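Here's the structure we're looking at; comments come further down.
The values are calculated or read from the model by the stated rules, or taken from the named source; none is laboratory data. None of the values given here were measured: they were computed from a predicted structure. A quick note on method: Cβ atoms are made from the backbone with ideal geometry, for glycine too, and the neighbour counts reach across all protein chains shown. We work out accessible area using only protein heavy atoms, side chains counted, and drop any ligands, DNA or RNA first. Shrake-Rupley method; radii C 1.70, N 1.55, O 1.52, S 1.80 Å.
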Amino acid sequence: MSEVVPGELWARLRRTTPARIALGRVGNALPLGEVLDFQLAHARARDAVHAVLDTAALEAEFAPLPVLHVESDAPDRATYLRRPDLGRRLSERSAALLAEAGTRCDVAFVIGDGLSATGVQAGAATLLKACAAELGDLAIGPVVIARQARVALGDPVGEALNARVVVMILGERPGLSVHDSLGIYLTFAPRPGRSDAERNCISNIHGAGGLSPEDAARTLGWLLREALRLQLSGVALKDDQTPTLPAEDPSRA
């Protein structure tokens, strides 16, 4: 058995992870290319947090689904970042708008900018359509696009729309490897005061080695039907589907 030299070992490890390992060095510093790559990733993450969601463009992508626009009680992005509590409450105008909607549905989808409007802009329409396709026999309410939204904003929205389940699709906190990831949060019988322990989360939905929209939608479909059957969500609802294993390669038998 040939001995693996340290450089080859680090090269193998680096191919298995997006983490910044085995970057090399030039004297006592990192190579310039690695420094610039880090600065670019940091800039993308900051931009994702501060970006403004283009709600009109998003609504056009959701067509022909009906859309409602709401915002949280956070009046601007700076306040939203400093006051998470305001991002969990509807503004008075939005609460009145939803009260007038007069709907009743099995599932209400809420699309929130969260901490990555960039991710929502890029991937929310594809993800929503994949999810809706998995729920074809259920009554889906109007899609709600929410600005300055935290996860719990889905609770008053779902309650106002008389939804049995609310599904919040949100931009996840960006990192230095992925800045445009999406998360799905499912809550049965939504109402203000629900805790995070009463939600199910499907996270890391993105195109850089994360969960695909189709796989996320299939998981959501299973969880949502189980939530309706068991009349609950959260830690009491486990994703115990039998995993699909890849077909065996005959050449390796």
- Message: Only bridges whose two residues both fall in the chain count here: according to DSSP, what percent of them are antiparallel, nearest 5?
- Response: 45
- Helix 32-50 vs. the chain, principal-axis angle (Cα, 0 to 90°, nearest 10): 0
- Taking the simple approach of a point 7 Å from Cα along Cα-to-Cβ for both Leu36 and Glu8, what is their distance in nm? 3.1
- Note on the structure: Nearest 10, in degrees from 0 to 90: the angle of helix 213-230 to the longest Cα principal axis of the chain is 50
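How much length is gained if the chain between Arg46 and Gln231 is pulled fully straight, taking 0.36 nm per residue apart and subtracting their Cα-Cα distance, in nm to one decimal?
Difference between extended and current length: 62.7 nm.
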- Query: Okay, helix-only estimate at 222 nm for the chain: each DSSP H run of n ≥ 4 adds -39500 (n - 2.57), divide by all residues, round to 500 deg cm²/dmol; what do you get?
  - Reply: -12000 deg cm²/dmol
- Task: Would you please classify the overall shape of the chain from the alpha carbon gyration tensor, given that a ≥ b ≥ c denote the square roots of the eigenvalues, rounded means a/c under 1.5, and beyond that prolate means a/b larger than b/c while oblate covers the rest?
- Result: oblate
- Note on the structure: Contour minus Cα-Cα span, Lys129 to Ala197, at 0.36 nm per residue, comes to 21.8 nm
- Compute the long axis of helix 92-101 from its Cα atoms, compare it with the longest principal axis of the Cα atoms of the chain, and write down the angle in degrees, 0 to 90, nearest 10. 70
- With +1 at each Lys and Arg Cβ and -1 at each Asp and Glu Cβ, the charge dipole magnitude of region 29-163 around its Cα centre, to the nearest 20 debye, comes out at 320
- If the chain between Ser212 and Ile21 were fully stretched, how many nm would it gain, using 0.36 nm times the residue separation less the Cα-Cα distance? 66.2 nm
- Item | the chain, dipole about Cα centre (Lys/Arg Cβ +1, Asp/Glu Cβ -1), debye to the nearest 20 | 520
- Item | Fraction of accessible area attributable to carbon and sulfur, the chain (%, probe 1.4 Å) | 54
- Percentage relative contact order, the chain, counting C-alpha pairs under 8 Å, at least six apart: 18
- Accessible area expressed per residue, the chain, with surrounding protein chains retained (probe 1.4 Å, Å²): 55
